[in-house]
Amino acid sequence: MSPNVRITPHPSFDVLAATTAARLITRLLDVQSERGEATVVLTGGSVGIATLREVAASPARLAVDWGKVNFWFGDDRFVATDSPDRNAGQAAEALLDHIPVDPARVHVMAASDTVANLDEAVANYAAELAAAARSEWENDDESPETAPPVPRFDVLLLGLGPDAHIASLFPELAGIRTKGVPVVAVRNSPKPPPLRVSLTLETINSAQEIWIVAAGADKAAAVGLGLAGASELQVPASGARGIHKTLWLVDEAAAAKVPSALMRREH
Ligand code: 6PG
């Protein structure tokens, strides 16, 4: 396993969520002290949302300048704005409604009642990413010759499905095969609801750091296969690689199929 890929098992779901929240707060603080602003990509799913709740409950959250954090989403369900299925709504309820964010920096994927169709939601998000990337590029002296398609992501959180899906990229389906575009429409998600918007694997892998969060025995096979380097078409999580770091933050049950030599213990 590459030294930039690390797995850290935690004794329980709650410890995992609390530790990931502490890690996220610290990372945002570090990035803000280096660059002024920080960018995080949020995930839906049980650990992802519990982590946001833990951030909201942590006294250390007060150290972050939330008005200078950019929030994006790795995927969302294409349902109505007020549907409890929306990752954006769950993230708002867990964290974003409780901290002083700059609404202009919270980039949610379109809900089904705000655009004509799924393709429009995908096109809008790609355009929003490109606009943010362009404005970063214009303000950066060391930037490449042309603006990249997506902005810099300091931390990108990913939940993990029992089938090893990440964001809404499911094994063998079109989303995980899609290349050359930043965002993809998913029409046949095996996990309901079927219609979703997702970042592509290329976009995910443009992140400085990827943190895959997973808990529970039903995730053990996915974690084991993801770390064993299985094909990304069959095991999408195995294709997730951050530029500087890829952390697998899991509980003991989800780590059950990982050889102990690969693990760093945090308790
Ligand atoms: C979604 C997700 C998805 C999720 C995993 C894990 O919107 O469904 O973003 O990728 O993170 O399915 O979800 P659980 O932790 O709830 O199993």
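The values are calculated or read from the model by the stated rules, or taken from the named source; none is laboratory data. Bear in mind that the values here come from a model prediction, so they are computed numbers and not experimental data. Methodologically, a virtual Cβ is constructed for each residue, glycine included, from the backbone with ideal geometry; neighbour enumeration extends over all protein chains shown. Only protein heavy atoms, including side chains, enter the accessible area calculation; ligands, DNA and RNA are left aside. Shrake-Rupley method; radii C 1.70, N 1.55, O 1.52, S 1.80 Å.
Worth pointing out:
- Here the contact order of the chain, divided by its residue count and restricted to Cα pairs under 8 Å and six or more residues apart, works out to 24 percent.
- Solvent exposure ordering (accessible area, 1.4 Å, most first) of His244, His165: His244, His165
- The protection proxy used here, the mean number of other Cβ atoms lying within 10 Å of each residue, ranks peptides 70-76, 53-59, 180-186, 235-241 as follows, highest first: 70-76, 235-241, 180-186, 53-59.
- In a simple Cβ point-charge model (Lys, Arg +1; Asp, Glu -1; nothing else charged), the chain has a dipole of about 780 debye relative to its Cα centre.
- Rg of the Cα atoms in segment 1-142, relative to 2.2 N^0.38 Å, amounts to 1.12.
- Note on exposure: Lys68, Lys179 ranked by accessible area (1.4 Å probe, complete protein assembly) read Lys179, Lys68, with the most exposed listed first.
- Calculated accessible area for the chain comes out at 43 Å² per residue, all protein chains present (probe 1.4 Å; ligands, DNA, RNA ignored).
- Heavy-atom accessible area order for Leu62, Leu160, largest first, 1.4 Å probe: Leu62, Leu160
- Farthest toward positive dipole pole in segment 5-262 [+1 Lys/Arg, -1 Asp/Glu at C-beta], among Val40, Trp248, Leu262: Leu262
- Each Lys and Arg contributes +1 and each Asp and Glu -1, all at the Cβ; summed about the Cα centre of segment 1-107, the dipole is approximately 280 debye.
- Computed over protein heavy atoms with a 1.4 Å probe, the carbon and sulfur contribution to the accessible area of the chain reaches 53%.
- Treating each Cα of the chain as one equal point scatterer and applying the Debye formula with no solvent, the log10 of I(q)/I(0) at q = 0.17 Å⁻¹ comes out as -1.45.
- Helix runs (DSSP H) in the chain reaching 15 Å along axis by Cα, Kyte-Doolittle at least -0.5: 13-35, 46-57, 118-138
- Against the compact-protein benchmark of 2.2 N^0.38 Å, the Cα-based radius of gyration of segment 150-213 scales to 1.07.
- Net charge of Cβ neighbours under 11 Å - reference Gly45; Lys, Arg +1; Asp, Glu -1: +1
- Taken over segment 5-262, lysine pairs spaced eight or more positions apart, or on distinct chains, with alpha carbons under 27 Å apart number 9.
- Here the peptides 118-129, 220-231, 39-50 are ranked by packing, the mean other Cβ count within 10 Å, and the order with the highest first is 39-50, 220-231, 118-129.
- Under 9 Å, Cβ to Cβ, from Pro192 - net charge with Lys/Arg +1 and Asp/Glu -1: +1
- With 5 Å bins beginning at zero, the pair-distance distribution over Cα atoms of segment 68-200 amounts to 2, 10, 18, 22, 21, 15, 8, 3, 1 %.
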